[in-house]
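Computed from the coordinates by the stated procedures, all read-outs in this text should not be read as laboratory data. Computed from a predicted structure; not experimentally measured. Reconstructed Cβ throughout: ideal geometry from the backbone, glycine too, with neighbour counts over all protein chains shown.
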Amino acid sequence: MFTPDLILAFLTLTFLEIILGIDNIIFISILASRFPETERKKLMRVGLLLAMLMRVVLLMGINWLVQIQTPLVRFSTKWISSEITVQSIILLAGGLFLLYKSTKEIYDKVEDLENTEEQQKTSQFSFSRALIQIVLIDIVFSFDSILTAVGMTSGIAHALPIMIFAVVVAILIMMLFAAPVSSFINKHPSLQVLGLSFLLLIGFMLITDAAQLSQTTIFGASIGTIPKGYLYFAIAFSLGVEMINMRFRKGAKN
């Protein structure tokens, strides 16, 4: 079973699962920043474990994953036409949720509302609500991860065990680095706003993915997907610029 092709597929899948899980870590870290240190670590662990379970369940239900790509409703007018599927509805809902959540969190950060006594009291009783939000967004992020894995292992023997093992290993690695990443983000407010801006981009990308999967056309023009390479390049470039700014600010203080 351990042929070079299988080992290469496993390593590649594990790496891709980690890359595709970055947005998940950012979202969980932003939510966790509202809680005390003990609850923060618990929320991150539980959130990533739920993400792992969600991906494994979806891998076990590949047939269902294919079925939800079947159009449920078709409509066409002079201005707009679309073939709505369950998957496109899920991606659209996830994208809209990320836009709403990111915008609200950015507003709170800018207005400095997170430090008010009322909001601190609310945060102490919102652990279950945060967990529900993580589960919902895990479902959306899992589609991208699983479809990528299925496409990469198509035609490879023992594909399902490889995909499951790669997902488990990737999540375990992410759990090791989630706490340090979250701690680093929480110490730098500018990184929190930057992370929320990334989530805005991802939310918009999910909406365009939903439109593309449903073959939506507006005024005769079809909507295409945003290449993920562009998104990850923007994230990496912005992080690089912010790291340089942080280095300069630290040097100025010294």
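Data for the structure
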quantity	calculated
Neighbour-count order for E105, E111, fewest beta carbons within 10 angstrom listed first	E111, E105
Axial C-alpha extent at least 27 Å, average Kyte-Doolittle at least 1.0 - helices from the chain (DSSP)	127-152, 159-187, 189-213
Region 78-113: chymotrypsin sites (Phe, Trp or Tyr not before Pro) in DSSP coil with no more than 10 other Cβ atoms inside 10 Å	W79
Per principal axis, descending, Cα span of the chain in whole Å	56, 56, 38
Measure of compaction for region 1-112 (Cα Rg per 2.2 N^0.38 Å)	1.44
Segment I80-T3, extension gain: residue separation times 0.36 nm, minus the distance between their alpha carbons	22.7 nm
Sorted by Cβ density within 10 Å, fewest first, the residues M246, M174	M246, M174
Calculated [θ] (222 nm, deg cm²/dmol) that DSSP helices of n ≥ 4 give over the chain, each run adding -39,500 (n - 2.57)	-27000 deg cm²/dmol
Estimated FRET transfer efficiency when R0 is 35 angstrom, pair T70-F204 (beta carbons, to 0.05)	0.85
